[in-house]
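Comments concern the structure below.
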Amino acid sequence: MILRVPYYYKEFQCIAGACKDSCCIGWEIDIDEDTFAYYQELEGEFGDRLRASMAVGEDNTFVLKKGRCPFLNEANLCDICLELGEEALCQVCTEYPRFVIEYGDVTEKSLALSCEVVGQLVFGRREPIYVEEILQDDYFADEEEAGQERANEEEGEDGEEDQEDFSFAPFIEKARDLAISLIQDRSLPIEERICRMLFFARDFQEQINEEDESGMEAVLHRWNQADAAPEGDCYDGLAGERSVEGNRMETFRLFVQRLAFFKKMEVLDKEWEEASAQVEETIKQAGQEGYFTLRRQFMDSLRRQDREYEYEHLCVYFLFRYIMQAVYDSNFFGHGAAAAACFLMIRDMDMVRFHRQGGVFSLEDRIDVARIFSKEVEHSEENLEYLLDGVYYEEFMTLENLIRQVV
């Protein structure tokens, strides 16, 4: 069994009451079946308190009090943990901010940017993010047992384990690694890196659609060449037309479309509503030309501070966390395009905060904006599906139009 994690994964440590945005505030807390059964049988006054605080139904949850978990005390510490120990917490509490994808004999784990500590780990260093590959037996003592439990759960009625076809997984792994390497090519501006990643994702997707392994290998080989570049495509033309009025009008129209798309998501937090409203209000006042002026001023400031690496890390985060889902849905380009759309929305939020703060945008701002976005988009299956569906149905999510917005 293989475990892959970003290098900073093992450095994560919850700061509990010191957290500025506690994960125990504002979110519905689901109670898994095993923990629910344990709480139901727990004797004593604390057991009574647990049962009185739960809403029992199709999904068992804690009833929030003024938006807070009923067990989050005045010091922003967990009474369950203090009273019964960490092992008594429900699964969602022990796992957050960790996310997992499993396929074949591989488990990949990542950390969500909705947690401010994760933001500090992701953006706190300039060095490129890399992934560590570890034999699970050497990492977490209980991984083998947990893996066996998952395998038992997957057994069919006849006792035979259901088998997924992961024959393309090695090619998708190589493609994911190559997409990350394109994003980490610091000889190019981040905008061009994202465009190259999208073109590569499109080329690789065509071979997935054909189920052509030799074609996948050929695409990987071509894009691994140092001088690989999209041929006969729209990037050079669009990049050279940035000052052309018609192109600016089209790009601004796509921005308006993109903002409307994200505003239709299921709202999980007031911070997201406020941030997206600020983007809309600021750009409405600035107008089309003001939008491009703000974007240029912000990116120029970021580059003068040698902080372009922050967007590199952001894109690597999205690619590592999501693109291997292509082993299940075969949608390699879709996950790459969704990562680009997330970059675009976060860049808009960044530049508006930069403008509203009088040309100041700190590392703390970077972590905070990423946290607000992640909390809204990444913690709702409905929102994630909506984002991925947009690749098929939204005009601003086509390859050409993503390129147009990025550059």
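Each value in this text was obtained by applying a stated rule to the coordinates, not by laboratory testing. Treat the numbers as computed from the prediction; the structure is a model and nothing was measured. Counting neighbours? That spans all protein chains shown, and the Cβs are built from the backbone with ideal geometry, glycine included.
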### Query
What lysines could a cross-link reach from residue 263, if we take a straight Cα to Cα line under 16 Å and drop same-chain neighbours fewer than 8 places away?
284, 375
## Note on the structure
Taking 0.36 nm per residue of separation between residue 285 and residue 273 and subtracting their Cα-Cα distance, the length gained on full extension comes to 2.5 nm
### Query
Under a Cβ-Cβ cut-off of 12 Å, what is the net charge of the residues other than residue 290 that fall near it, where Lys and Arg count +1 and Asp and Glu count -1?
+3
### Summary
Percent of all Cα-Cα pairs per 5 Å bin for segment 169-406, counting from 0 up to the last occupied bin, reads 1, 6, 14, 18, 20, 18, 12, 7, 3, 1, 0
### Charge context of residue 40, other residues only, Cβ under 15 angstrom, K/R +1, D/E -1
-4
### Task
Can you tell me how much longer the chain between residue 130 and residue 357 gets when fully stretched, taken as 0.36 nm per residue apart minus their C-alpha distance, in nm with one decimal?
78.4 nm
### Query
In deg cm²/dmol, rounded to 500, what helix-only [θ] at 222 nm does the chain give when every DSSP H run of at least 4 residues adds -39500 (n - 2.57) and the total is split over its residues?
-18500 deg cm²/dmol
## Note on the structure
Expected unfolding gain across residue 45-residue 94 under the 0.36 nm per residue rule, minus the alpha-carbon gap, is 15.3 nm
### Query
If you take the C-alpha gyration tensor of segment 24-95, multiply each eigenvalue by 5 and take the square root, what semi-axes do you get, largest first, in whole Å?
16, 15, 12
## Note on the structure
Filtered hits (lysines, Cα-Cα < 17 Å from residue 109, offset >= 8 within chain) -> 10
## Note on the structure
Final fewest-first order of 407, 360 on the 10 Å Cβ neighbour count is 360, 407
### Task
Report the Stokes-Einstein translational diffusion coefficient (µm² s⁻¹, integer) for the chain, Rh taken as the Kirkwood radius over Cα pairs, at 4 °C with viscosity 1.567 mPa s.
56
### Query
For segment 305-334, which chymotrypsin sites (Phe, Trp or Tyr not before Pro) are both in a DSSP coil and crowded by at most 14 other Cβ atoms within 10 Å?
none
### Query
Where does each of 321, 125 land when they are ranked from fewest to most other beta-carbon atoms within 10 angstrom?
125, 321
